[in-house]
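What follows is a set of notes on a single structure, which appears directly below.
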Amino acid sequence: MHAQARLPVDLHCHSVFSDGLLTPAELAERAHANGVRLWSLTDHDEIAGLKPAREHARALGMRFVDGVEISVTWAGQTVHIVGLGIDPDNETLRDGLSDMRAGRQTRARAMSERLAALGFENAYEGALPFAGNPELISRTHFARFLVQQGHCADLGEAFRRYLGEGKPAFVPTRWASLAQAVDWILQAGGKAVIAHPGRYEFDDTRYHALYTQFLELGGVGIEVLTGSHSPREYGLYAQVARSYGFQVSCGSDFHGPGEGLIDLGGLPPLPSGLTPIWQEWL
Ligand code: AMP
Ligand code: MN
Ligand code: MN
Ligand code: MN
């Protein structure tokens, strides 16, 4: 069997500081072992993992880019915006993220009540041990709890049946606005990227509005290769990048071994005719 050529860049993954299963050190080791030369950690709404990630990446001789994935509410849906090359000491960014994290406990209690009404008792207490960082308790931790208890076969089923948008245990949340998220990233000297565009459920008009508003706000990038896209979507969003003039970012969105389809560092090569966002970092 021939090993497929792989992209030596991975600019999107999660550690125990948000909803990943591995520590920054373990991620650095894994990225390095899988051939990554340029790596970014992009925890949800949290930058506390960047220092250990950066230190371990450096020790292994890997280039590292400080990253974050910000939760945004736009047109009634949750959209994720990745910030790359951010200054983790920037006060505007730090304060913005800190405010966002504050709402997660209340939301988690409310999700737990909805799950109790569905017959799953003590879900908050059950999910909490899965959260390495209690401030960042997320739906992923509730999904892991439901799987552990044998209520769902895998995370996908937990989201399809209970935790996904509009499902019975889903608690609508108001995250940052698109303008805020891009502003925080720009103020921190970073580049803003629309994460996994294929995951949203917008019609063509809404997608067009998202891209144009994002560009007007100063966003520059879009993810083309991500663990959340099918190979067909690689082509689709490569074309979106070309026609809107987006720089292209790529990342596995790795959360842990056994979760998701693409390993850290497991992305295929980039389609042709695209401008990588990472040119200045490699
Ligand atoms: P939250 O920020 O608490 O709303 O949780 C969002 C996280 O849930 C995402 O970052 C994903 O890691 C995870 N997630 C969302 N949808 C799914 C799904 N269908 N399957 C597995 N994980 C999902
Ligand atoms: Mn996640
Ligand atoms: Mn995401
Ligand atoms: Mn992610």
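The values are calculated or read from the model by the stated rules, or taken from the named source; none is laboratory data. Source: prediction; values computed, not measured. Cβ coordinates were reconstructed from backbone atoms using ideal geometry, including for glycine residues, and neighbour counts include every protein chain displayed.
Confirm whether residue 188 is at negative phi, within 13 Å of ligand 2 (Cβ to nearest atom), crowded, with 18+ Cβ neighbours inside 10 Å and not hydroxyl-bearing (Ser, Thr, Tyr). No: the conditions fail for residue 188.
Within the span defined as the range 195-210, one or more residues are of a type in the set (A, V, I, L, M), closer than 28 Å to residue 281 by Cα, within 16 Å of ligand 2 (Cβ to nearest atom) and crowded, with 16+ Cβ neighbours inside 10 Å. Among the residues of the range 98-107, at least one is small (Gly, Ala, Ser), in contact with a Ser or Thr (Cβ under 8 Å, 6 or more places away or on another chain) and either over 24 Å from residue 221 (Cβ atoms) or assigned to a strand (DSSP E or B) (or both). Is it fair to say residue 235 is over 16 Å from residue 44 (Cβ atoms), within 16 Å of ligand 3 (Cβ to nearest atom), in a helix (DSSP H, G or I) and modelled with pLDDT of 95 or more? Answer is no for this residue.
Looking across the range 9-44, the residues that are in a helix (DSSP H, G or I) and either within 16 Å of ligand 3 (Cβ to nearest atom) or not small (Gly, Ala, Ser) (or both) come down to 24, 26, 27, 29, 30, 32.
Scanning the range 179-201 for residues that are within 16 Å of ligand 1 (Cβ to nearest atom) and within 13 Å of residue 211 (Cβ to Cβ) yields a count of 4. Being buried (at least 24 other Cβ atoms within 10 Å of the Cβ) and of a type in the set (A, V, I, L, M, F, W, C): is that true of residue 31 here? Against the criterion (buried (at least 24 other Cβ atoms within 10 Å of the Cβ) and of a type in the set (A, V, I, L, M, F, W, C)), residue 31 qualifies.
Taking residue 5, is it over 13 Å from the mean Cα position of the chain (by Cα), buried (at least 17 other Cβ atoms within 10 Å of the Cβ) and either hydroxyl-bearing (Ser, Thr, Tyr) or away from ligand 3 (no atom under 16 Å from the Cβ) (or both)? The answer is no for residue 5. Kindly indicate which of 210, 236, 282 is under 28 Å from residue 5 (Cα atoms), in contact (Cβ under 8 Å) with a residue 40 or more places away in the chain and more than 16 Å from ligand 1 (Cβ to nearest atom). Only one candidate qualifies: 282.
In this structure, is residue 95 farther than 24 Å from residue 267 by Cα and assigned to a loop (DSSP other than H, G, I, E, B)? In short, no. Just give me the residues in the range 74-92 being part of a helix (DSSP H, G or I) and free of Cβ contacts under 8 Å to residues at least 12 places away in the same chain, in sequence order. If the condition is that a residue be part of a helix (DSSP H, G or I) and free of Cβ contacts under 8 Å to residues at least 12 places away in the same chain, then 91 is the only one that fits.
Within the range 247-263, if we keep just the residues that are closer than 12 Å to residue 15 by Cα and surrounded by fewer than 23 Cβ atoms within 10 Å (Cβ to Cβ), the residue that is farthest from ligand 4 (Cβ to nearest atom) turns out to be 257. Looking across the range 151-169, the residues that are hydrophobic (A, V, I, L, M, F, W, C) and within 11 Å of ligand 1 (Cβ to nearest atom) come down to 152, 155, 158, 159, 163. Residues that are within 18 Å of the chain's Cα centre (by Cα) and of a type in the set (Lys, Arg) were ranked within the range 63-108; the one that is farthest from residue 19 (Cα to Cα) is 94. For the subset of the range 73-116 comprising residues that are crowded, with 22+ Cβ neighbours inside 10 Å and of a type in the set (Val, Ile, Thr), which member is farthest from ligand 2 (Cβ to nearest atom)? The residue in question is 86. Scanning the range 34-66 for residues that are within 20 Å of residue 98 (Cα to Cα) and touching a residue at least 60 places away in the same chain (Cβ under 8 Å) returns 42, 43, 44, 45, 46, 48, 66.
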